[in-house]
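The values are calculated or read from the model by the stated rules, or taken from the named source; none is laboratory data. No experiment lies behind these values; they were computed from the predicted model shown. Quick reminder, even Gly has a Cβ in these numbers, built from the backbone with ideal geometry, and neighbours come from all protein chains shown. Calculation scope for accessible area: heavy atoms of the full protein, side chains included, ligands and nucleic acids excluded. Shrake-Rupley method; radii C 1.70, N 1.55, O 1.52, S 1.80 Å.
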Amino acid sequence: MRLSKKITQYLIAVVFCSMAFGFFVFYFAIERATTQSAIGKLEHLNSVIEKKLSKESIPTIESAHKNVKIKILDKSKYDLTEEVVKQGNYEWDNDLQTMVNHVSVVTYPYIDHVHYQIESKISLTIIDDKYFTGILMVIAWIFVFVIITIIFFGELISRNLYTSFYYLIDRMKHFDLKENQELQIVHSNINELNQLNELFVKTSQQSIEHYNALKEFSQNLSHELQTPMANMKAKIELMLNDELSEDQIKSLSGMYDDLNRVSAINRSLILLMSLEYHEISEDQLNLSELIEEIIAEHEDLMLMNGVELTLKLIPNVYIKINTLLAHTVFNNLISNANRHNYPNGKIEIELTESKFIIKNTGRQQEFTNKTIFQRFNKSKYNPESIGLGLALVKKILDIYNYQINYKYNSEVHQFTINLK
């Protein structure tokens, strides 16, 4: 979901809650304002009556004002001087057929040395369901209008504000370390976006520097390690041709095997390191022919192990992948199927337009579909394994967007590669 839409949703939620609360405040405010207005009018009426009392009689005034009652107080009530307001006296009115609130204002003026009690009354109808519904509809229409305004103008304003942000995201999507190009800062009138942009530019520059340093390191490492290991292997081979004791021959053979293993680890790590940065090419490869070639390379080892091989290959199955990397993938899978098999076990290889499946008998391992492709995960039954073969397979296939899955069932290990 876009950021602008998320902000719009939050604004709508805030407006809805605010207007729901505002509706109840408005409802009670109307009722209070109506009562206060009535009290104000009654107070004004009482002041008018006070002026009339010096000129007109009480019966004349009461006949002219039906809602006014006037009394002359005796001396015992001369202390009554404060105005009294009475409200909240709700009762049913038969004439109006509704509930009413009786509001009255009582004043005690002295006019011509006479103490009077003037009481004026008014009856206010209570807000009924229809009036309540009318107010609710007005609030609802206001809410709809505000929501439409927020959606329309909010989207326009948000998109305008976040133009630099979306542009930065687009640049991040297309950023590639191999291009080795410096990114330019795009200025905005929003401080946070400027800070984010500067941070991305700084981080990208550091990434390019680290990439170049790591690339140089991997190249130097490959050269510096392979040369002395090759020299050591050559010297051991020469020493093995000399007259040596059986123990010396065993020691040198062990050293030679260890060097081969270290050399294989070095090559695998260098290849993994280079794959991290996608230094690859893409060929239109005939996978059917490649698998047949790899099987021919391992045929003698399979015969020595007594493995029964079953092939189901569709001819001329083409995939897009680097030829050398493809050889690494399928060579590792076929080699593992033979290495981790029972003596006189079975290997089944099937290739279709959409899938490559390889099955082999073997002991149950502690690996799952997630852990088997992790680096340096070794089989407990084959300590000579370097634990990088399947990690290389997974990494290469991920680069070319091919999915590989593993499962074990009834002493059968199965790897499946989806080619589509």
Answer yes or no: is there a residue in segment 75-91 that is more than 15 Å from Y116 (Cβ to Cβ) and modelled with pLDDT of 85 or more. no
Taking segment 179-214 as the search range and keeping residues that are at pLDDT 70 or above and not in a helix (DSSP H, G or I), which one is nearest to the chain's Cα centre (by Cα)? I190
Specify the residue that is nearest to N341 (Cα to Cα); the eligible residues are those in segment 398-413 that are part of a strand (DSSP E or B) and open to solvent by 30 Å² or more (accessible area, probe 1.4 Å). V412
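Residue-wise test of (1) in a strand (DSSP E or B); (2) touching a residue at least 24 places away in the same chain (Cβ under 8 Å); (3) loosely packed, with under 12 Cβ neighbours inside 10 Å.
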site	(1), (2), (3)
F21	no, no, yes
G40	no, no, yes
K52	no, no, no
D79	no, no, yes
Q87	yes, yes, no
Within segment 279-329, which residues are in contact (Cβ under 8 Å) with a residue 40 or more places away in the chain, open to solvent by 60 Å² or more (accessible area, probe 1.4 Å) and of a type in the set (D, E)? E279, E282
All but one of (1) open to solvent by less than 70 Å² (accessible area, probe 1.4 Å); (2) at pLDDT 90 or above hold for N332, so report the exception by its number. (2)
Inspect all residues belonging to segment 54-61 and state whether any of them is in contact (Cβ under 8 Å) with a residue 40 or more places away in the chain, of a type outside the set (V, I, T) and loosely packed, with under 11 Cβ neighbours inside 10 Å. yes
Residue by residue through segment 63-75, note down the ones that are open to solvent by less than 90 Å² (accessible area, probe 1.4 Å) and either within 16 Å of V106 (Cα to Cα) or in a helix (DSSP H, G or I) (or both). S63, A64, H65, N67, V68, I70, L73
